[in-house]
1. In segment 565-585, what residues are of a type in the set (Lys, Arg), surrounded by fewer than 18 Cβ atoms within 10 Å (Cβ to Cβ) and under 19 Å from His480 (Cβ atoms)?
2. Considering only segment 199-231, state which residues are aliphatic (A, V, I, L, M) and in a strand (DSSP E or B).
3. Among the numbered criteria (1) under 17 Å from Lys353 (Cβ atoms); (2) charged (D, E, K, R); (3) outside any helix (DSSP H, G or I), which one does Glu442 miss?
4. Return the total of residues in segment 457-489 being in a helix (DSSP H, G or I) and either surrounded by 15 or more Cβ atoms within 10 Å (Cβ to Cβ) or touching a Lys or Arg at 6+ places or on another chain (Cβ under 6 Å) (or both).
5. Run down Lys508, Lys486 and say which single residue is among the basic types (Lys, Arg), modelled with pLDDT under 95, under 30 Å from Ser389 (Cα atoms) and not assigned by TED's automatic domain parsing to the domain that holds Phe417.
6. In segment 457-506, how many are farther than 25 Å from Asp395 by Cβ and among the hydroxyl-bearing types (Ser, Thr, Tyr)?
7. Where in segment 233-317 are the helices (runs of 4 or more DSSP H), entirely inside, with at least 3 residues that are touching a strand residue (DSSP E or B) at 6+ places or on another chain (Cβ under 8 Å) and in contact (Cβ under 8 Å) with a residue 12 or more places away in the chain?
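The values are calculated or read from the model by the stated rules, or taken from the named source; none is laboratory data. Source: prediction; values computed, not measured. Ideal geometry is used to build each Cβ from the backbone, glycine not excepted, and the neighbour counts take in all protein chains shown.
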Amino acid sequence: MVQISRGSRQLSSSKFSISQILLTIVLCAVSYYSGTVTHKDSIGCENVNDLKNAVKENNNVALNDSEIEALVQKRVRQELSAAKETQYFSNSVSQYMNGVVRVPKDGFVKKYDYGPPMDAATDKNGDVMIFYNSPKALPSDDTHQHMAQFSSGAGIGVLEVDDATANCDTMNVINTNNPGNTRQCLAIVGNYESYNVQRWMRVPMDGGKLDKSLPMRAVSRGYASNGSQQFMPPKPNNIKKHWGMLETYFRSIEETLGRLKSIADKIAKDNTIIVMTCNMGQSELLMNFVCNARSKGLSTDNVLVFPTDKNTKDLAEGLGLATFYDEKNFEDMPENEAGHYGDKAFVAMMFAKVVCVQLVSHLGYDLLFQDVDIVWYKNPIEYFNDDKSPYRDFDMYFQDDGAHSTRYAPYSANSGFYFVRNNKRTRYLFTSLLYAGDQILESHSHQQALVQVMNEHSSLFGLRVKVLSRDTDEFPGGWHYHKRNKDFMMKVVKEEINPFIFHMSWTKNKDNKIKFFQQMGQWYVADSCIAHTKQEIVGNHALDVEDHLSEPCCLAEPNIVCHYRDKPSKVPCRESDPIDAGRPSFW
């Protein structure tokens, strides 16, 4: 038999069987493992390597080192399982649950980027859980496979992403969190496959706040613990109103597409058109976009404006922009700007945002849609057409709105700036959004309806949507400006970073947008052209009717004006009052 001496490392040369040696090795390994876990001395198996060598030297056993190691590891795991470990999942769930591991979150979302913005990994949100529905999906490596199936008391094991997913033919990804610190649970049911999440809450049957004394019942995914509901079916009056809008649209669709195509074909560059829509109430912002871009040498030749009134059409054309004025669909649109987000004028303009994009998409063009409260630092088309971009294969790209709320989940996509590659998935998306106009009327939000439809099309048709994270430098907006992201905004105004655009979203009204652009050093419109029609500007400046409006209206240098000390500004505005009471100076 085999004898081991702690001090002299003696090993007898007498005959032995491999089973005896392996058993000894296993017992030594178990003993050592137990001692390690309990921080006690192990019981004398310091020479396991000598035992392995003995196996190798035995004339009756033809095994190489790796085979011996595999045998030993397998037996050690078996013994540890019997002595110490427990299996994660019982046979009663084996039809859909056969193992679990963790992988680092940052690595997982980089490799399997489905598009939604992802919060940075933290100590409490740093790993992704991967459950194996089939035993065939388990990792190939025996040690990794064992780790996925058995608990040793040290917690769920961690693998690299590639190792953990090497045998996954398909993978369903669920984004979840603990909203509002409620006592939320996640149930996984082995059943006929579904790709939707059912939500249950302890709330009254007729609506109301969370009540822990009540049984759980099925609710909308937008049901909040305070009783508010983000998603409601449209009311009959909104449905009927939408029918009327669609009737007008379809009655003239062929004529509309024919007229639009003749204009679009002339201005498209590389089959791409930049789409904007505007009424007279927002015309100053349109003027600033044009003047700002041209001051930086950026071309606006493939911009197509869909004005919703005749005065805006004349003004846009006076700035050298191509326009398409659809009188039939836009004749009832308001000329005044919205007083605030979601008011009557704001909602009315949402239909224009749907129609202009749907028409251009239907004609087969790639498109960049943007609101008028945007300025360019560089032409953003360059970003989306970069063949080396890691996101080149997505269908749509959105600016991150910043509002990572249930209402806009899972994308938090800002519907005021997005790029679309034309294909059958994106064309049908905008057709579906046209049909969902009653949702816009009900929710007072083009953004909410778009995200709803987009989420469903992503699941049903494989539409790939990439939201450009708010944590990157390329596409900042109102979230950065108003959320006091001081370090980032200071770099912007000092030109230490050079984004593609800036979008003055999250801002109450046009007047504040103008003031904030002035503070940032991004306002290039002469005061004499603000709030004036083309005819008024021509008369005030004694111009010929055919003269271009850029000369009298576009400034060579920005008009920098301080308004509020607590908002980001190109120069210190310490002497100005704050817009939010008690806030210190940005500088």
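1. Taking segment 565-585 first, the residues of a type in the set (Lys, Arg) are 565, 567, 570, 574, 583.
Then drop every residue that is not surrounded by fewer than 18 Cβ atoms within 10 Å (Cβ to Cβ), which leaves 574, 583.
Arg583 - this is the single residue of segment 565-585 that is of a type in the set (Lys, Arg), surrounded by fewer than 18 Cβ atoms within 10 Å (Cβ to Cβ) and under 19 Å from His480 (Cβ atoms).
2. The initial filter retains those residues of segment 199-231 that are aliphatic (A, V, I, L, M), namely 201, 203, 205, 210, 214, 216, 218-219, 224.
Once the filter is applied, which keeps residues that are aliphatic (A, V, I, L, M) and in a strand (DSSP E or B), segment 199-231 yields Met201, Ala218, Val219.
3. Failed condition: (3).
4. Initial filter on segment 457-489 (in a helix (DSSP H, G or I)): 457-461, 478-482, 486-489.
Subset that is either surrounded by 15 or more Cβ atoms within 10 Å (Cβ to Cβ) or touching a Lys or Arg at 6+ places or on another chain (Cβ under 6 Å) (or both): 457-458, 461, 478-482, 488-489.
Qualifying residue count, segment 457-489: 10.
5. Numbers: Lys508 fails: under 30 Å from Ser389 (Cα atoms).
One residue alone meets the criteria, Lys486.
6. 1
7. The qualifying helices (runs of 4 or more DSSP H) are 253-267, 283-295.
Listed here are the residues, each with its yes/no results for (1) in a loop (DSSP other than H, G, I, E, B); (2) under 16 Å from Lys510 (Cβ atoms); (3) in contact with an Asp or Glu (Cβ under 8 Å, 6 or more places away or on another chain).
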| residue | (1), (2), (3) |
| --- | --- |
| Met349 | no, yes, no |
| Ala352 | no, no, no |
| Val357 | no, no, no |
| Ser361 | no, no, no |
| Val372 | yes, yes, no |
| Val375 | no, yes, no |
| Asn379 | yes, no, no |
| Glu382 | no, no, no |
